Amino acid sequence: MNPAPNLVLVGPMGAGKTSIGRRLADALGLAFVDADRDVELRTGAAVGTIFECEGEAGFRARERLALAELLAGDGRVISTGGGAILDAGNREAMQARGFVVHLQVSVDGQLQRLARDRSRPLLQRDDRAEVLQAMSAFRTPLYLQVADLCFDTEGLSSADAASALARLLEGRWQRGAVAA
């Protein structure tokens, strides 16, 4: 058992962090928080607008603050943005205050799931497959670095994935305080 006060979902966009996270939180009786949505609520602006006005660096600074506050809480399933692991401080905080699950999906799976999505700033290009492949190559080692558990969501509905993940977590994660 790996005790931690929160369950943290990391992985690429389209892996199911939000849709699986909501269902998983319900199944486990925990609060669900989407870190990107939290940033939007704090700023009163959509992630895309923040990217437009402040660039990726501005968004990442806001993300870092929001994630630190979310992780300071207890009893949450926290869905992180796909790039949250780019910041070393975020990775350290996730490992210190959460049981981290890396939700995995192939680039082909991402392309299928994100085919109609036009809200993601980093995908507002014609070469989506190349962008996703490059992000995967760079980010996957970082996801693996923080992960307590890896879970492949390929071909699973969010309901089936949440159910299977909840069963896996029974023997691996115990909600509890972190030793000081």
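The values are calculated or read from the model by the stated rules, or taken from the named source; none is laboratory data. In this text the structure is predicted, and so the values were computed from the model without any measurement. Here the Cβ is made from the backbone with ideal geometry for all residues, glycine too, and neighbour counts use every protein chain on show.
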Within segment 1-17, residues polar (S, T, N, Q) and crowded, with 19+ Cβ neighbours inside 10 Å come out as N6
Residues that are out of contact with any Phe, Trp or Tyr (no Cβ under 9 Å at 6 or more places or on another chain), under 20 Å from G155 (Cβ atoms), of a type outside the set (G, A, S) and part of a helix (DSSP H, G or I): does segment 14-21 have at least one?
yes
Would you check which residues across segment 155-180 are modelled with pLDDT under 95, surrounded by 15 or more Cβ atoms within 10 Å (Cβ to Cβ) and of a type outside the set (A, V, I, L, M, F, W, C) and list them?
S158, R175
In segment 149-176, how many residues are over 15 Å from V8 (Cα atoms) and either assigned to a loop (DSSP other than H, G, I, E, B) or among the small types (G, A, S) (or both)?
11
Could you say whether any residue in segment 115-137 is on the phi < 0 side of the Ramachandran plot, in contact with a Phe, Trp or Tyr (Cβ under 7 Å, 6 or more places away or on another chain) and modelled with pLDDT under 95?
yes
Could you tell me how many of the residues in segment 129-148 are in a loop (DSSP other than H, G, I, E, B) and closer than 12 Å to L103 by Cβ?
1
Report yes if some residue within segment 23-30 is of a type in the set (D, E) and either closer than 26 Å to Q133 by Cα or touching a Gly at 6+ places or on another chain (Cβ under 8 Å) (or both); otherwise report no.
no
Is there any pair with a first residue in segment 92-105 that is farther than 12 Å from L7 by Cβ and a second that is among the hydroxyl-bearing types (S, T, Y) and part of a loop (DSSP other than H, G, I, E, B) whose Cβ atoms are under 8 Å apart and which are 6 or more apart or on different chains, and what are they?
Q104/T153; V105/T153
